[in-house]
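Right, one structure below, let's go through it.
The values are calculated or read from the model by the stated rules, or taken from the named source; none is laboratory data. Since the model is a prediction, treat every value here as computed from it, not as a measurement. For neighbour counting, all protein chains shown are included, and Cβ atoms are generated from backbone atoms with ideal geometry for every residue, glycine included.
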Amino acid sequence: MKLSQKEKDRLKKKYGEWALVTGASSGIGKELAYRVAEAGLHLIITGRHEDKLTAIRQEIQSLYGVNVEMVVAD
Ligand SMILES: NC(=O)c1ccc[n+]([C@@H]2O[C@H](COP(=O)([O-])OP(=O)(O)OC[C@H]3O[C@@H](n4cnc5c(N)ncnc54)[C@H](OP(=O)(O)O)[C@@H]3O)[C@@H](O)[C@H]2O)c1
């Protein structure tokens with residue numbers, strides 16, 4: 001799903017420069033992470049599986065050029 005420019009602007013205005021997305025290694029959290037990055041926000045993504053988070057971080061950075069920090073924790 002692609003976001004409209006209006007929706008990207010709304011997300012940035014509402015949430016600021018950085019977003020924390022928990023459970024970002026799969027499912028709803030993963031999809032949310034991509035959409036928020038598409039809007040231009042930098043991300044902190046969390047989950048237990050470092051390999052999955054690393055792959056997602058690399059893809060998001062490459063697609064959207066935002067900063068992505070990871071927190072691997074149970
Ligand atoms: N899918 C639906 O239609 C739906 C509908 C209503 C409600 N929900 C609820 O929404 C939530 C997410 O659903 P989903 O389908 O996206 O699930 P999912 O694909 O299993 O994703 C769960 C996420 O949470 C992380 N996670 C799970 N246990 C964790 C723990 N102990 N510590 C840190 N991270 C943990 C997982 O990462 P790691 O495995 O890497 O830790 C993963 O990134 C669930 O609570 C679900 O019950 C889902």
Practice item. Name the single residue, out of those in the range 18-53 being surrounded by fewer than 15 Cβ atoms within 10 Å (Cβ to Cβ) and of a type in the set (Ser, Thr, Tyr), that is nearest to the ligand (Cβ to nearest atom). Key: Ser26
Practice item. Go through (1) more than 15 Å from the ligand (Cβ to nearest atom); (2) modelled with pLDDT of 95 or more; (3) part of a helix (DSSP H, G or I) and name the single condition Val66 misses. Key: (3)
**Study point:** Test: Arg57 is touching a strand residue (DSSP E or B) at 6+ places or on another chain (Cβ under 7 Å), within 11 Å of the ligand (Cβ to nearest atom) and of a type in the set (D, E, K, R)
**Key:** no
Revision key, fill the gap. Note on the range 19-63: residues among the polar types (S, T, N, Q) and in a loop (DSSP other than H, G, I, E, B) are Thr22, Ser25, Ser26
